[in-house]
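FYI, it's all coordinate maths here, none of it is from the lab. On a predicted model such as this, the values are computed, not experimentally measured, just so you know. Here Cβ is always computed from backbone atoms with ideal geometry, including for glycine, and neighbour counts include all displayed protein chains.
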Amino acid sequence: MDFYGFYTGKIFDAYQYLGAHTEKTGVTFRTFAPSASRIAVIGEFNDWQESEMNKVYDGNFWECYIPEAKPGQMYKYRIYDRNDNPVDHCDPYGFGMELRPNSASIVRDMSKYKFKDSKWMQNRSDCRKKPLNIYEIHFGSFRKPSDKTDGWYTYEEMIDILIPYLTENGYNYLEIMPLNEYPCDESWGYQATGFFSPTSRYGTADQLKAFVDACHKHGIGVLMDFVPVHFAVDAYGLANYDGTALYEYPNSAVGVSEWGSCNFMHSRGEVRSFLQSAANYWLSVYHVDGIRMDAISRIIYWQGEPARGVNNNAVDFIREMNRGLKTLHPTIMLSAEDSTSFEGVTKPAVAATAPPIPATFVPTKVAALIPIGPGVICEIATTSINSLNDIQ
């Protein structure tokens, strides 16, 4: 990993170093926790007894290799703060998690599934010059097998349920509310604990890959909602991860959102690299075709309130993240939920010479074109996308 890039908020691939990575035999675990006094890995492979992690690089990163660990096994990091008080955390960069109310991370072999969508990926476009019709769903409530609280179809089962509906009704893109792991059903995924973990409500990482693969086979692109503003307060998650406010603001006046969640501190390079890497992860590893950024008004203004002024660090973060994502994936779509009147224009963040969206473009159920001002954050601003018809 480019450590300097990590600290300065420039990288998009931190997940390739941090987290639990399977080896030919065993698993290497790594986490970033600069204020921890010590850390141990606990899991099914060691009967939930402590396997000590060692400081590596500059002492802010921790690592250990466990030969007995294997894919499918659960684990946590037991993190001791400066006063030697322990808290068990899930892995911020973990690729899988247990179903709530349980909170362990799960080792996943991310190289196992092989996509068959090379033709789709080669021919994919951002639909600037062809019709675009988007159907938005919450994955767990589109259709249910029963009235049970935990009654959901799996990612793979939804292939034969959802895709025929989309093709029959002429939709060529699917927008899915957040599929990252989250503890509270009522949040619909917008208050996350596992930013790299597909929610286990509907199955495994490989099953989600199979669903996206099937969508592409049938000519349907997949967009996913992504939350770069805030995260769940649960003690096993990101909050006070190393005994300090590592991801969030230390001051509750700006550190706690109106929903009671923790706001990301976007001025920190480590936080930028975390979020950029998470967005790139879904695009790269799962072949997702675009990202819809949630709650961008809370990025633009402190606590979403214009009277508090513009949060320049957060605006700069979103602008640079989108520039980086479009450089890595030129044919993806980037959009944002926003309802402010922040002055600006709609144009790509990558290059000023890129073709702007026509001024006459008025899509269905879209609140406003992205209001980003000098530099631009995203390309399309939406409140509830159901369909964007015939973009010329």
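Once backbone amide H atoms are built at 1.01 Å from N, A104 has E98 as its partners under 5 Å, excluding neighbours fewer than 5 places away on the same chain. Converting phi to 3J(HN,Hα) with the Karplus coefficients 6.51, -1.76 and 1.60 and the offset θ = phi - 60°, the stretch 168-174 yields 4, 9, x, 8, 10, 9, 10 Hz in sequence order, with x at every glycine or proline.
For the chain, modelled as a GNM with alpha-carbon contacts under 10 angstrom, which of K148, K130, K217 fluctuates the most? The residue that fluctuates most here is K148.
Packing here is the average count of other Cβ atoms within 10 Å per residue, and on that basis the peptides 244-256, 13-25, highest first, run 13-25, 244-256. Give me P(r) over the chain, computed from all C-alpha to C-alpha distances, binned every 20 Å, as integer percentages. Pairs per bin, as whole percents: 28, 59, 13, 0. Beta bridges per DSSP, both residues in the chain: antiparallel share near 65 percent.
For the stretch 235-287 and the stretch 15-52, what is the centre-to-centre distance using only Cα atoms, to the nearest Å? After rounding, the separation between the Cα centres reads 20 Å. Translational diffusion of the stretch 100-206, estimated by Stokes-Einstein from the Kirkwood radius over alpha carbon pairs at 25 °C in a medium of 0.890 mPa s, is 154 µm² per second. Backbone geometry of the stretch 35-51 corresponds, through the Karplus equation with coefficients 6.51, -1.76 and 1.60 at θ = phi - 60°, to 3J(HN,Hα) couplings of 9, 6, 7, 6, 9, 10, 8, 10, x, 5, 6, 10, 6, 6, 9, 6, 10 Hz, x marking Gly and Pro.
This ranking places E270, E50 by how few other beta-carbon atoms lie within 10 Å of each, fewest first, which gives E50, E270. Straight-line reach from K10: which aspartates and glutamates fall under 16 Å, measuring Cα to Cα and dropping same-chain residues less than 8 apart? Filter leaves D2, E270, D316, E320. Listed by Cβ neighbour count within 10 Å, with the fewest neighbours leading, H218, H287, H266 appear as H218, H287, H266. Calculated mean residue ellipticity at 222 nm for the chain: -5500 deg cm²/dmol, from DSSP H runs with n ≥ 4 weighted as -39500 (n - 2.57), summed, divided by the residue count and rounded to 500.
For E175, nonlocal amide neighbours, meaning residues 5 or more places apart or on other chains whose placed amide H falls under 5 Å from its own, are Y135, E136, I137, L223.
If only the Cβ of Lys and Arg carry +1 and only the Cβ of Asp and Glu carry -1, the dipole of the chain around its Cα centre is close to 1100 debye. Computed over the Cα atoms of the stretch 123-179, pair by distinct pair, the Kirkwood hydrodynamic radius stands at 12.8 angstrom.
Each residue of the stretch 274-280 in order: what ³J(HN,Hα) in whole Hz does its phi give by Karplus 6.51 cos²θ - 1.76 cosθ + 1.60, θ = phi - 60°, with x for Gly and Pro? Once rounded to whole Hz, the list reads 4, 5, 4, 5, 5, 4, 5.
Measuring nothing but how far apart in sequence close Cα pairs (under 8 Å, 6+ apart) lie, relative to its length, the chain scores a relative contact order of 16 percent. Under a 5 Å amide H cut-off, with hydrogens placed 1.01 Å from N, Y249 pairs with N263, M265 among residues at least 5 apart or on other chains. Any idea how far the Cα center of the stretch 315-345 sits from the one of the stretch 115-175, in Å? After rounding, the separation between the Cα centres reads 23 Å.
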